[in-house]
Structure formats: structure tokens, C-alpha cells
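Notes follow the structure.
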Amino acid sequence: MDQQKAKQEIQKLSKAIEAHNHRYYALSQPTISDKEYDDLMQKFLKLEKEFPDLVEPHSPSQRIGSKLDVAGNPVAHRVKMYSLDNTYSFEELDQWGGRVAKGLGHANVEFVAELKIDGVSISLTYENGNFVLGATRGDGTMGEDVTHNLKTMRSIPLRLTPAGKEKFPSVLEVRGEAYMGRADFLKLNQERKANGEEIFANPRNATSGSVKLLDARLTARRRLQCFIHSFGLMKSDTHFPTHWDFLQKVKAWGFAVNHENRLCASLNQVKAFCEEWQKKRNTLPYEVDGVVIKVNDLGQQQRLGVTQKSPRWAVAYKFPAYQATTIVNDIVIQVGRTGVLTPIAMLEPVQCAGVTISRSTLHNFDEIRRLGVKKGDRVLIERAGDVIPKIVKVVESQKSAKNGRLKIPTSCPQCGGKVIKVKAEEVAYRCINPGCSKQLERRLIHFASRAAMDIEGLGEAAVGQLIDQGLVKDCADIYALTQEDFLGLELFAEKRADNLLKAIDTSKTRPLSRLLFGLGIPHAGAKAAFVLAQHFRLLENVMKARQEDLTAIPEIGPTIADSVVSFFKNPATKKEILKLKQAGVNSQEATIAVNQGALSGKKFVFTGELTSLTRSQASALVRELGGEIVSSVSKHTDYVVVGQSPGSKHQQALDLGVTILNEQQFQEMIHA
Ligand code: AMP
Ligand code: ZN
């Protein structure tokens, strides 16, 4: 291709890619599949590589990200980034309304009600339509330059889209909220957990951490999004009479503007909006913590002005937090399948956000120390969105001297075995008795679980009895069980015993990925197991793999690699695997040529939370059967799997007439 032709092609592709980004991220209306998008991008990147001097400063390839060596420069905001006054009741909202009315001589006032997105405030500056600077809020006067990270966010246009012959403002600074969707947040935390990394407490922390990363390639993978809600500065001939007009204009220029924003003729309409979203907030694919109410008319805004801290023409109405207080009845210690001891607070049952909460994990002994919590204390608990309930702080300490702080046990509360901190840098303490019955119980339950060997009927009750009777000492012993063994257990009649035996027998044919996951290698989740199985194909090969063979696989980090090597070095593991093989358990990964799996060529989209398995386990299962996971719904999507609190993809599926599966239907399809 000659230079001239390449230039035209690059421009054409660049335009097309940015238009797809806009449709996907700003409008949530993609018109092509992820695969088609990726192909387009690959083609474009190849061309740019071939003709490096044709790379433009606002090319979509900028979104892949690059690494900075030092933190971004400080940025002085040309117009201060104010925070908002908060109200917590309609009474307080009315008081604000009263002040506004008075300030405007009781003129007619319109309001715009917007969801208050729980993310991180950012500022975006455009010069003649080109994105030149992205900054954090900082203290409102000085922020930090995070342009490199914000460029990776595809809902932020690198160049504005003109309408007709319109001239862009010479300088435009808009403000918005960067956030992480619930699904992306859950996925990120699962990945971090699988890699042995610390998990983020909530999407806001995850967003804030991501916006400040030095390596924008990491930010790019975190799929941050952004809604524009305000402006800072505009040098232009165009003027908007109202905030609503501003929102429509920036939307036309290519920014993502929240779809739920509503123009309200009165404060009563504002309240209706607040009530509506307080109820529906969990159905949104992102977290919101309230509503922001703004006076619509910009002239009126000016008349009202600002205080030191916040504008008088806007206010936040905060939703009640999902909090409650209750008593810690006890702190018990749970032993997991790798021997890790986890303290759990047993709580006086309490209602919080519509569910009864009676326990909350304290994660580890450091957390107990940090909170200073002990038996008998009254504590504040919080449940944020989908996040599991946690103890925020002690609100009233139990004074009685006999209830001291929980001591870190030196022996296992289940088996009496020795407890040590295996690695100095880890917070976890473990029971290191290889014969610990609690660890064995957890290991067996995990082995038999749906996403692993899927042995229906082998749950907690059966496993506990089998261990108590000394019938199983490792996972392989399951395959030696007989009908008599089961008939000797409580609540086992012939039919149930036979069904379970059948299920055990069927499980011998599971692919290697399931077996690896079932063996419970520390730090290796379903995804890592799948990746290992795909790469090595045979169990022997995984067992032989050296640290460097493992880290050479892109998805496998050093923590997992270490863990895999030491897991297979263990003589007990070797013995268990030998027994599994002798019992006839499959140890190969089936080669799934495209066209062979039961779901080959089928495109799946997930929305909402699944309860019986994690999103990544579900995805692995689909891929195992030859299916494909795509992230947006289009008319080419075959199935949309809808979990709890689904996002907008549910509606899109309904609109497009795509087949919808609930969790049970999905399970039935997978296990057919
Ligand atoms: P606060 O941090 O509680 O003072 O609340 C002010 C912050 O709310 C702003 O700095 C924004 O980052 C954030 N915010 C979220 N959604 C909106 C919205 N629709 N309009 C204005 N601010 C918003
Ligand atoms: Zn133990």
C-alpha cells in the first residue's frame, strides 16, 4: 500500500473505531460484535505499525496506554472544582429549596435531577475539540494530571464530534465522574483474588486506584467508564441558557451523559425521582449514592452563586446508607481447605438493606486488631450494593474485663494441629496438620462442587459423615466408595446411594480443567485452572512444569506459578493423583476444535450476579463447550444469561428479542 492510500485508510478506520467506541460506551448501543471490533482494531494497529509516521496524536491506538515513570504533574484548575452540600431527608431538601426560592425572589425555578454516581471526580479539557488534559479533582484547586489514564477510557472522546459546520469552543473544560461498573468490579476482584492480590473494598476505591496508576496499560484493562455532569470553563461563541441544554450539547459532541437525568418542573418532581431511584438503585449496572439536584437556568445559577465550599444552586440528596448496628455474639474461627484460619463475627441477626445478616467475615487477625473488635461489642455494619456485609467500626465497646481481644490461636480449633504464619509477608495463619479433618472436609466439598467435578449429592452433610466414619482421607477415596458405605450413613436409602454413586462415576469423565480446579491449588481459581489445562493438555505436563514454563503463560503470574510448583511437589498430592488415575479419572483436556463443543459458535452475554458460581467460572464453562463470551448485546448474540440485579443488557436483550436464560436454565444448558 502506498503512503497516500494508507493515510486514507488509517483515517477511515480511526473514524470508524471511535464511532464504535462512542456507540458502545456513551450510548450503550453497539452495532458490531466484540470480535468484529477487535478485528477492526487489529487491522488498524497493523497499518499504523507499517506506517509509523502516519500515527496521529488522537489516534484510537492511544487508548491502549503507555507507562509513565513518575506520577503526573500537578494541575491548577482554572475554575475551582467545588464539592456539594449534602441533604439526608426531604425536610432538608425543602430547606434548600426554600433558600433557592428566596435567593431568586420566588421566581419560577426548574431543576435537573441526576443520579449521584459513586466514583471519582475528573476534569477534561479540550482545545478546539481535541482532548488535551485530564485531571483529578485533588483539593478542588490543584489536581493531578492523569491524561494518560483517562485516554484509555473509551467513553471519553479523544476528539469531539462536530454537528454540521459548528465551531468547537477554543477551550472547553467539562467535569464528570469516572466509575467502574459492578460487573467489571466483581471481575477485577476475582482476578485479584486468583492472583493472590489484595481486593478492593468497593468500586469507588477500585476506580480511584485505577485513575492514578502509572501504567495506563493496566488502566485500559480495568474498563473504567465516565459520565459528564458539569462544566468548568468554556471559551466559545455558543452559550447555553440552561444546564439541560448543556447536557444535550455535550451528549451530541460525543460524551457519555447519564440516561436517567430528568428535567423537573418542581421540587415535588425531584422528590419523586429520589424516591424512585432509592428503590431501584440496585438495578443499575453501577453504584449510586444519591441524587444531585441542580437549578436548571444558568442565569439563576449565577444569581445564587457559590459559598467557600459549594455552589448554592446545587445540592446532593444522599440515599440512606445500607447500615445497621448490632452486637457481636461471638467470634469463631473457620478453617478453610488450605488450612487458613478465618475469624468470623457471629452477629445478633439484624435487617440491613432487606436481608438478615447474622455473620460477617473479619478476613484475618490484622483486621480484628485494626477494628479493635471483641465479643460483646456493638458494631456498625454496612452492606454496599453487591458487596458482602462488613463491619465498619465498633460503636460501643464491651467493657467487661473477661472479654479480652481474641488471641491468635497457636493450635487449630478443629484438629488441634500446629498453627503458624507460613510466610512473614502474608497476613494469614494456617493449620499445617496434613490430616486436619476440617481442611479435608472443605477440600472434598470443593472437589465435588459444580464448577469442579460436579458430583451432585455430595454436599456438606454426606462429606462430614464420610470423614467421621474414616471412609475418605483424600479426594481420590471418593471413587472407592461402595453402596454399603453410603447405606451406613444417616438419611441414605438405596435410591439416594445409587444416584450418588452414579454421579461419582460420571464425574470421572470431567476435563482436566475441572479436575485441576477441584484439586484446589492455592491461588489458582477456575480461570487459572482452565488456562493451565488448555496450555498443557495433560495432567503429567502440568505436574512437570517448572516455574519459568508457567510464568511464560501470559495469564499466569508468579504467585500462581509458585503455588502450582509447590502443590505438585507435595508427596501427598502425588499419591492422591496416582489414586485418582487408578480409579479411572480422566486427566486430559479435551481438544475442542471449533465446531465440536456443544455450544460452538454460540455467543453469550452475562448480566447481573450469578449465585451458584462466579462469572469467571460460568465463562470458563461456556468456553470449554466451545462457546464465546461477548460483552455487549447485539442481534448476533445467541443467549443473554440474566442473574440478580441485571444491568441494561437485560433490557437490550428484550428489545432485540435475544433468547434470555435465567441461572437455572443456564445451568441446565451447561450440564446437558
Ligand atoms: P461530595 O464528594 O460528597 O462532596 O459530592 C460531590 C461530588 O459528587 C462531586 O465532586 C462529583 O464528583 C460527584 N458527583 C457524582 N455525580 C454527580 C452529578 N450528577 N453531578 C455533580 N456531581 C456529581
Ligand atoms: Zn486443623
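Every read-out reported here was derived from the displayed coordinates using simple, explicitly stated rules and does not represent laboratory data. What you see is a predicted model, and the numbers here were worked out from it, not measured in a lab. Note that we place each Cβ from the backbone using ideal geometry, even for glycine, and neighbour counts take in every protein chain shown.
Counting helices only, and only those DSSP H runs with n ≥ 4, report the 222 nm mean residue ellipticity of the chain as the sum of -39,500 (n - 2.57) divided by its residues, in deg cm²/dmol to the nearest 500.
Numbers: 24 runs with 240 residues, N = 672.
Value at 222 nm, helices only: -10500 deg cm²/dmol.
Tell me which lysines have Cα within less than 17 Å of LYS151's Cα, excluding those fewer than 8 residues away on the same chain?
Output for LYS151: LYS15, LYS67, LYS212.
What FRET efficiency, computed as 1/(1 + (r/R0)^6) with R0 = 45 Å and r the Cβ-Cβ distance, is obtained for LEU538 and LEU487, rounded to the nearest 0.05? Intermediate results must be reported in sequence, preceding the final value.
On the way: r = 37 Å, r/R0 = 0.83.
After rounding, the FRET efficiency stands at 0.75.
Counting Lys and Arg as +1 and Asp and Glu as -1, each charge on the Cβ, what is the dipole of the stretch 603-670 about the Cα centre in debye, to the nearest 20? Each step should come with its number before you reach the end.
Numbers: 5 positive and 7 negative charges, 35 e Å.
Rounded to the nearest 20 debye, it is 160 debye.
Distance in nm between label sites at LYS46 and ARG405, each 7 Å beyond Cα in the beta-carbon direction?
Each label point lies 7 Å from its Cα, and together they span 6.2 nm.
Non-local amide H neighbours of CYS352 (under 5 Å, H modeled in plane, Pro and chain starts lacking H): which ones?
When sequence neighbours closer than 5 places are left aside, the close amide H contacts are ILE357.
Go through ILE577, GLY457, ASN189 and say which Cα lies farthest out towards the positive end of the charge dipole of the chain; charges sit on Cβ, +1 for Lys and Arg, -1 for Asp and Glu.
Value: ASN189.
Taking 7 Å along the Cα-to-C-beta vector as the label spot, tell me the GLU36-SER358 distance in nanometres, rounded to one decimal.
5.2
Would you please classify the overall shape of the stretch 457-582 from the alpha carbon gyration tensor, given that a ≥ b ≥ c denote the square roots of the eigenvalues, rounded means a/c under 1.5, and beyond that prolate means a/b larger than b/c while oblate covers the rest? Please list the in-between numbers first.
Numbers: a/c = 2.66, a/b = 2.34, b/c = 1.14.
Note, shape of the stretch 457-582 comes out prolate.
Over 30 Å between Cα atoms, which of LYS375/LYS421; LYS502/LYS649; LYS46/LYS602; LYS193/LYS271 qualify? Show your work: numbers first, answer last.
On the way: LYS375/LYS421 24 Å; LYS502/LYS649 39 Å; LYS46/LYS602 28 Å; LYS193/LYS271 41 Å.
The answer is LYS502/LYS649; LYS193/LYS271.
Within 10 Å, Cβ to Cβ, of GLN323, how many net charges do the neighbouring residues add up to if Lys/Arg are +1 and Asp/Glu are -1? Kindly include the intermediate steps, with their values, before the conclusion.
Values: positive: ARG383; negative: GLU382.
Once all neighbours under 10 Å are counted, the net charge is 0.
Among rounded, prolate and oblate, which fits the stretch 543-672 when a ≥ b ≥ c are the square roots of the eigenvalues of its C-alpha gyration tensor, a/c under 1.5 means rounded, and a/b larger than b/c means prolate?
Numbers: a/c = 2.40, a/b = 2.08, b/c = 1.15.
In terms of gyration-tensor shape, prolate.
What shape does the stretch 74-318 have by the C-alpha gyration tensor, where a ≥ b ≥ c are the square roots of the eigenvalues, rounded means a/c under 1.5, and otherwise prolate means a/b greater than b/c and oblate the rest? Walk me through the intermediate numbers first.
Working: a/c = 1.86, a/b = 1.27, b/c = 1.47.
Here the stretch 74-318 falls in the oblate category.
I need two numbers for the stretch 3-62: Rg to one decimal and Dmax as a whole number, Cα atoms only, in Å.
Cα only, the stretch 3-62: 11.7, 36 Å (Rg, Dmax).
About the Cα centre of the stretch 556-638, what is the dipole size in debye to 20, counting +1 per Lys and Arg Cβ and -1 per Asp and Glu Cβ, all else neutral? Write out the running numbers ahead of the final one.
On the way: 10 positive and 7 negative charges, 46 e Å.
Using Cβ point charges on Lys, Arg, Asp and Glu, the stretch 556-638 gives about 220 debye.
Got a sec? Which residues in the stretch 139-156 would a label at LEU218 touch, if it sits 7 Å along Cα→Cβ and we count backbone N under 14 Å?
Those under the cut-off are 149.
Label points 7 Å out from Cα along the Cβ direction at LYS193 and ALA19: separation in nm?
Once both label points are built, they end up 4.2 nm from each other.
If you build the Cα gyration tensor of the chain and take the root of 5 times each eigenvalue, what three semi-axes come out, in whole angstrom, biggest first? It would help to have the intermediate numbers written out before the result.
Working: eigenvalues 477, 223, 108 Å².
Those come to 49, 33, 23 Å.
Please go through the residue pairs LYS374/LYS473; LYS251/LYS318; LYS102/LYS393; LYS116/LYS165 and name each one whose alpha carbons sit more than 31 Å apart in this structure. Before the final figure, lay out the partial values.
Working: LYS374/LYS473 36 Å; LYS251/LYS318 26 Å; LYS102/LYS393 41 Å; LYS116/LYS165 34 Å.
Exceeds cut-off: LYS374/LYS473; LYS102/LYS393; LYS116/LYS165.
What order do you get for 523-534, 141-152 when each peptide is scored by the mean count of other beta carbon atoms within 10 Å, highest first? Before the final figure, lay out the partial values.
Values: 523-534: 23.7, 141-152: 20.1.
Output ranking for 523-534, 141-152: 523-534, 141-152.
Using a simple charge model, +1 on the beta-carbon of Lys and Arg, -1 on the beta-carbon of Asp and Glu, nothing else, what dipole does the chain show about its Cα centre, in debye to the nearest 20? Let's see the in-between values first.
Values: 90 positive and 76 negative charges, 211 e Å.
It comes to approximately 1020 debye.
Pop out the ³J(HN,Hα) list for the stretch 72-89 in order, Karplus 6.51 cos²θ - 1.76 cosθ + 1.60 with θ = phi - 60°, rounded to Hz; leave Gly and Pro as x.
Once θ is set to phi - 60°, the couplings for the stretch 72-89 become x, 5, x, 10, 8, 6, 5, 10, 4, 8, 6, 9, 10, 6, 9, 10, 10, 8 Hz.
Among all cysteines in the chain, which have no other cysteine Cβ under 4.7 Å from their own Cβ?
That list is CYS226, CYS264, CYS274, CYS352, CYS475.
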